[in-house]
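These notes concern the structure reproduced below.
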Amino acid sequence: MPHAKLHIPGPVEVSEKTFKAMTSPMIGHRGQGFKDLYAKIQPQLQTLLSTKQLVYLSTSSAFGVMEGAIRNLVAKKVLSCMNGAFSDKWFDVAKKCGKQADALQVDWGSPIRAEAIDKKLATGEFDAVSLIHNETSTGTMSPLAEIAALKKKYPDVLFIVDAVSSMTALPINFDELGIDVLLAGTQKAFALPPGLAVFVASPAALAKAATIKDRGYYFDFVEFEKNAKDSMTPSTPSIPHIYALSSKLDDFFAEGLENRYARHKKTNQLTRDWAAKHGFNLFPEAGFESLTLTCISNGARPGGRVVDLVKLQKLVKDRGFLIDGGYGKIKGTTFRISNMGDETEATMNQLYAALDNSMKQL
Ligand SMILES: *Cc1c(COP(=O)(O)O)cnc(C)c1O
């Protein structure tokens, strides 16, 4: 089947090697083979996230774990930090789980700043905060270290962080940050097919979960911890995904995490350079641009170039690449190009060549 290579911000392109890893023969999830598999990747995941906590595997998309985090940790009220389509959804998730939630809303394209969270938490109303590290809809990264530093001032508030589109592309040191939940779906920077989420919870988060009565079944954090201690998952996981994750983690460490982070930074810079070369402005507030995708203004910001985006997408697709045409209320007035996963300077240059040639035909 003809396939346009994915440069949308998730799912991203999956390598042949990863797909091949998924076809390893099936094993029982309560048998030694599975325990050996999980025990092999556990320390790799712990190194990746700089944590001594056990890292859990959830057969779900990221939203499953988001919902789980809300159900397991919120007793009083959660502060939902909102600066784009995905963080807006976190607020809905909290309300649909029957939790009290309050919105900390800033303009799309602006980051969430510690100062604003501090003001809200000072009311004493909250026992949890939800935050998206890298708001994928706007290509905006919030300063995680600055925000996590608030933990010292509010030790009883649990910090839930969605790093769906940033985890593995830059260092996130879970224990050092002192946050309470960190989660990601694997179809973004991990470059696995969709269907698996990875997450970690602090001792405080686990202690809190144990006190919550209606924390649900499928995403019960206490069960995840209990099972992970035995290198198992609470229910039958997608074992093919876990084979793929194992293969991928080997790739990460063969490349070296520092090299992986530098590669994402470099390929992201190349995309920003491409946008500047063609007279486009970027959508995010300067200084807070994502390192895994580039959200380019196509009229959403004053000045800068505006093109027939639908036509550009089609021309690029005819050349074998899929780019995104904007998300939510900035669909059409922005477009997004992902550099997540396995992309290198060489593969990104192929995309820019296709974009350059397409621009000439507009
Ligand atoms: C993609 C994405 C999600 C949603 O993930 P699903 O796997 O679709 O549940 C959530 N948050 C962010 C930041 C994302 O980029």
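Read the figures in this text as sums done on the coordinates, not as results from a lab. Owing to the predicted nature of the structure, the values given are computational and were not obtained by experimental measurement. Don't worry about glycine lacking a Cβ; one is built from the backbone with ideal geometry, like all the others, and counts go over all protein chains shown.
Worth pointing out:
- Alpha carbon Rg of the range 100-214, scaled by the compact-globule rule 2.2 N^0.38 Å: 1.07
- Neighbourhood charge, 13 Å Cβ-Cβ cut-off, centred on Lys265 and excluding it, Lys, Arg +1 and Asp, Glu -1: -1
- Förster-model FRET efficiency, 41 Å R0, Leu322 and Thr47, C-beta, rounded to 0.05: 0.80
- Distance between the pseudo-spin-label points of Ile212 and Lys153 (7 Å out from Cα toward the beta carbon): 2.5 nm.
- Shape class for the chain, computed from the alpha carbon gyration tensor (a ≥ b ≥ c): oblate, with a/c not under 1.5 and a/b at or below b/c.
- Exposure proxy ranking, count of Cβ atoms within 10 Å, fewest first, for Met66, Met359: Met359, Met66
- Formal net charge of residues neighbouring Asn298 (Cβ-Cβ distance under 11 Å; K, R +1; D, E -1): +3
- Summarising the label geometry, the points placed 7 Å from Cα in the beta-carbon direction at Phe252 and Ala286 lie 3.4 nm from one another.
- Approximate spin-label separation Asp107-His3, in nm, with each point projected 7 Å along Cα-to-Cβ: 4.1 nm
- Each residue of the range 259-274 was assigned a 3J(HN,Hα) from its phi angle through the Karplus curve 6.51 cos²θ - 1.76 cosθ + 1.60 (θ = phi - 60°); the sequence is 5, 4, 5, 5, 5, 5, 5, 5, 5, 5, 4, 4, 5, 4, 5, 4 Hz, with glycine and proline shown as x.
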